[in-house]
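Below is one structure, written out as C-alpha cells, with a few remarks after it.
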Amino acid sequence: MPTTDKTLRVLVVDDNRDGADSLGLLVEALGNQVHVTYGGTKALEVAAVFRPDVMLVDLVMPDMDGCDLVMHLRQIPAFAQTRIVAVTGYKGEEYKSSAMKAGFDTVLTKPVALTDIKEVLTSVVASDTGQSRRRVKEPASLVAEGRLPIDKARRIRSERKSKTLTQAECEAAICDGIIRFQEEYLGWGLRQVRAHLMKDLLVVRIQGALTPAERQLGKSSSPEKGRDLIKETRRQLLELARPMLESLVHEVLGVKVLGMHHDISTVNGEEIIIFSLVGVPRFG
C-alpha cells in the first residue's frame, strides 16, 4: 500500500545483497521506484543518472564505506539537499556520530522498522511539496531553452495517460543530463549541447572548447600526433561516462543503447556522440 500520493525514487546501497534486495522490495511495496546497488563506488555512478529523492546507505562496505560515499555526494551540488539515510547493524553511538558528521541526515538501525521507513519517505514528500510551490520556470519554458531536468521529465511522464514524452522533451532531457554530468563530474563549465533523434539514432553535438591541457598537448607534438592524443583522451573520458550516458538515454527514450560512436574536432572543440538504439523510441 503506497505510503504517500507521490512516488519517490529511492536508491538502496548495501554490499549485503540479500539485505539490500529485501529492503528494496519493502520500499517498492510502499509504492516507490527503487534501484538497488551493492557498493559505494557503483552507487556514485547510479545516483548521477537515477537522481534519487532518498538514499538508504549501509555504513560498512568494502569498496567505499557509507561515510566516504556521502561525503563524495555532498560535494556535488545536485545531492547537497538529497535525503540520505544511514542504515547499519552497529548500535554504538560512535557510528551514529561519525555518520552525522559525514553528512547523513539520520541513522536507522538494522533490522529497520517499517514505521521508520514510512516516516523518512513521508518527510521527503512534505519537503518536496514546500519546494514545488517555489518553482520559477515551468517545464514548457525549459524545453524551449533546450534543457529539461530529468526529475521534471519523470514528473511530466507520470502525469500523462500515454506515459511518454514528446521528441522535444526527450531531446531536452538528454541535453540537460549531459550538461549536468560535465559540470558535476568533469568540472567543465556550461557548454551548448544539442540532441537530435533520427529514427533509431540519437546524435548529440557538444559545442565547447579544448581545455588548456589539450591545447598544450596539441602544441607539444606533431599536428597528427597531437590530434590523435586529444581524441584518445576524450574517448577514454567518454568510456568512463558510458554507463551513465547509456542509462540516461535508456530512461528518457525507453529504448536501450546498442552502440556509441564518438568524435571531436581538434580545431573548434566540437564533440559528436552518436548513439545507435535497439529500436525506434515512442513519443507522446
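At a glance:
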read-out	value
FRET efficiency, 1/(1 + (r/R0)^6) with R0 22 Å, evaluated for residue 76 and residue 116 via beta carbons	0.25
Cβ-based exposure ranking for 101, 96, in which fewest neighbours within 10 Å come first	101, 96
Extension gain (nm, one decimal) between residue 278 and residue 215, 0.36 nm per residue minus Cα-Cα	19.0 nm
Where labels lie 7 Å past Cα in the beta-carbon direction, separation of residue 242 and residue 94 in nm	4.4 nm
Taking 183, 271, 171, 224 and counting other C-beta atoms within 10 Å, the order from fewest to most	224, 183, 271, 171
Least to most buried among 231, 161, 152, 118 (fewest other Cβ within 10 Å first)	161, 118, 231, 152
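Throughout, read-outs are computed from the coordinates displayed, never taken from laboratory work. Predicted, not measured: the structure shown is a model, and the values here were computed from it. Glycine gets a Cβ as well: all are built from the backbone with ideal geometry, and neighbour counts include every protein chain shown.
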